[in-house]
1. Being exposed (fewer than 13 other Cβ atoms within 10 Å of the Cβ) and either among the aliphatic types (A, V, I, L, M) or at pLDDT below 95 (or both) is true for just one of A28, A52. Which residue is that?
2. What are the residue pairs meeting all of these: first residue in segment 16-35, first residue touching a residue at least 24 places away in the same chain (Cβ under 8 Å) and closer than 12 Å to R49 by Cα, second residue surrounded by 16 or more Cβ atoms within 10 Å (Cβ to Cβ) and polar (S, T, N, Q), Cβ atoms under 9 Å, and 6 or more apart or on different chains?
3. Which of the residues spanning segment 7-21 are within 8 Å of the chain's Cα centre (by Cα) and among the hydrophobic types (A, V, I, L, M, F, W, C)?
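The values are calculated or read from the model by the stated rules, or taken from the named source; none is laboratory data. These numbers were taken from a predicted model, which means no experiment stands behind them. Backbone-built Cβ (ideal geometry, glycine too); neighbour counts: all protein chains shown.
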Amino acid sequence: MAGPRDPEVMKIVYNRVLNKLVCRKCGALNPPSAEKCRRCKSRNLRPKRLLAGMKKG
Ligand SMILES: [Zn+2]
């Protein structure tokens with residue numbers, strides 16, 4: 001049985017939490033597939049990735 005502290009579970013949870021788009025305008029969280037903010041309709045979204053977005057270009 002995988003408990004809540006299972007490393008695999010934590011990885012999935014982390015991916016789900018971080019795999020979101022944050023609106024630069026109002027700060028709302030949007031699903032990763034969103035093309036525009038669900039709150040203010042802005043298209044100025046950035047990915048909420050803390051560790052994965054290290055490469056440039
Ligand atoms: Zn917004």
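1. On the way: A28 fails: exposed (fewer than 13 other Cβ atoms within 10 Å of the Cβ).
Just one listed residue meets the conditions, A52.
2. K20/N30; L21/N30; V22/N30
3. Our first condition is that a residue be within 8 Å of the chain's Cα centre (by Cα); within segment 7-21, this holds for 15-21.
Scanning segment 7-21 gives V17, L18, L21.
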